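Working notes, beginning with the structure itself.
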Amino acid sequence: MNRRLLLGLIFIISININAAQHTPNIVVSIKPIHSIVSTLMNGVSKPQLLLKSNESAHTFHIKPSQLNLLSNADLLITIGDNFESGLSKVLRNIDENVRLNLSEIKELQIYDFRDHNEIGHDEHDEHDEHDEHDEHDEHYKDLHLWLDIDNVQIIANKISQRLIEIDPSNKEKYNTNYLELESKLSQLKEKIQFQLKPIKLIPFAVFSDTLQYFEKSFDLKNPVVITPYHGARLSINRVIKSKNKIKNLEIRCLIYGPENTPKQINVLVEGLDIKAHSIDILGAKLDSGSEQYFDLMKEISNQLVACLE
């Protein structure tokens with residue numbers, strides 16, 4: 001009797017060990033992509049989110065607990081080395097076979113940073129910008145690629161394939177989840193297209209050039225760009241030229257990000273008949289999980305409509 005009991009316990013333990021071995025440990029850098037992976041892994045496991053705080057991926061300082069996450073990852077999904085630049089030193093030590101850099105997916109639509117001379121600035125401004133933020137040199141790409149739903153559908157397909165490679169026992173589940181996600185993303189794009197249709201031709205301004213993928217995906221009018229990237233210096237010359245262009249084009253909407261201070265926004269809107277709305281392209285305040293990406297894209301659309309209508 002005792003021998004049978006012992007054999008039964010060994011059998012149960014072996015099943016649990018095998019099940020644990022087949023559950024992949026997936027780590028994702030930012031919330032919108034973590035949301036997509038959460039949907040793909042529904043019914044299998046939950047991916048780990050690396051950047052849970054409001055810190056920028058460009059300036060993030062990693063904690064010991066997060067280093068532990070990385071060391072145990074079967075797959076680490078990031079946007080790219082030039083995006084998660086705050087993690088660059090750590091990421092260099094991660095096995096390339098464990099990493100999936102989404103910006104390296106050939107099928108994606110990836111844009112260059114736009115020419116920020118639209119509003120005009122003098123040589124002194126340009127020199128300062130390069131000194132202050134060399135990583136945003138013109139040779140680098142704009143990597144806010146999750147703001148294009150077509151890109152996200154391609155990303156979801158690639159991630160699904162990698163999950164199946166790592167965890168073939170759950171292939172059917174991953175395939176089913178991917179097909180459901182693809183349909184849901186298509187529906188999301190249709191809804192946003194319908195919502196944005198009445199305001200497509202209305203000009204607006206953006207503090208930092210972060211919405212390029214969203215604008216082009218939904219055929220919105222190219223905005224007046226105040227500064228070319230997060231953290232770019234708002235010089236007096238730039239403020240004057242921006243305000244003049246906003247007046248001349250009769251722009252009534254300014255979109256800014258959570259990194260912009262009330263003082264910066266007040267300097268720009270003072271004396272202008274213009275509304276200012278905040279858009280967080282990462283959705284830091286939204287709950288992480290399967291719905292985060294959908295809530296994020298709806299929120300961006302809602303804020304644009306509220307600002308432009």
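The values are calculated or read from the model by the stated rules, or taken from the named source; none is laboratory data. Keep in mind it's a predicted model, so treat the numbers as computed, not measured. Every residue, glycine as well, gets a Cβ built from its backbone with ideal geometry; the counts of neighbours run over all protein chains shown. Each accessible area value is taken on the protein alone, full model and side chains, heavy atoms only, with ligands, DNA and RNA left out. Shrake-Rupley method; radii C 1.70, N 1.55, O 1.52, S 1.80 Å.
Observations on the model:
- Only one entry of Leu51, Leu70, Leu40, Leu87 meets the criterion of being on the phi < 0 side of the Ramachandran plot, modelled with pLDDT under 85 and out of contact with any strand residue (DSSP E or B) (no Cβ under 7 Å at 6 or more places or on another chain), and that entry is Leu87.
- Tabulated pairs, segment 233-256, first within 26 Å of Lys200 (Cα to Cα) and among the charged types (D, E, K, R), second open to solvent by 20 Å² or more (accessible area, probe 1.4 Å) and part of a strand (DSSP E or B), C-beta under 9 angstrom, 6+ apart or interchain: Arg252/Lys275
- Number of the condition not met by Asn177 [criteria: (1) open to solvent by 20 Å² or more (accessible area, probe 1.4 Å); (2) among the polar types (S, T, N, Q); (3) part of a helix (DSSP H, G or I)]: (1)
- From the options Ser56, Ser65, residue that is within 28 Å of Asp148 (Cα to Cα), of a type outside the set (Asp, Glu) and at pLDDT below 80: Ser56
- In segment 262-288, the residues that are loosely packed, with under 15 Cβ neighbours inside 10 Å and on the phi > 0 side of the Ramachandran plot: Gly271
- Among the residues here, Glu291 does not qualify as more than 30 Å from Leu40 (Cβ to Cβ), among the acidic types (Asp, Glu) and either open to solvent by 40 Å² or more (accessible area, probe 1.4 Å) or in contact (Cβ under 8 Å) with a residue 60 or more places away in the chain (or both).
- Some residue of segment 201-208 being among the hydrophobic types (A, V, I, L, M, F, W, C), part of a helix (DSSP H, G or I), touching a residue at least 24 places away in the same chain (Cβ under 8 Å) and open to solvent by less than 70 Å² (accessible area, probe 1.4 Å): no
- For the condition of a type in the set (A, V, I, L, M) and surrounded by fewer than 16 Cβ atoms within 10 Å (Cβ to Cβ), Ile246 does not qualify.
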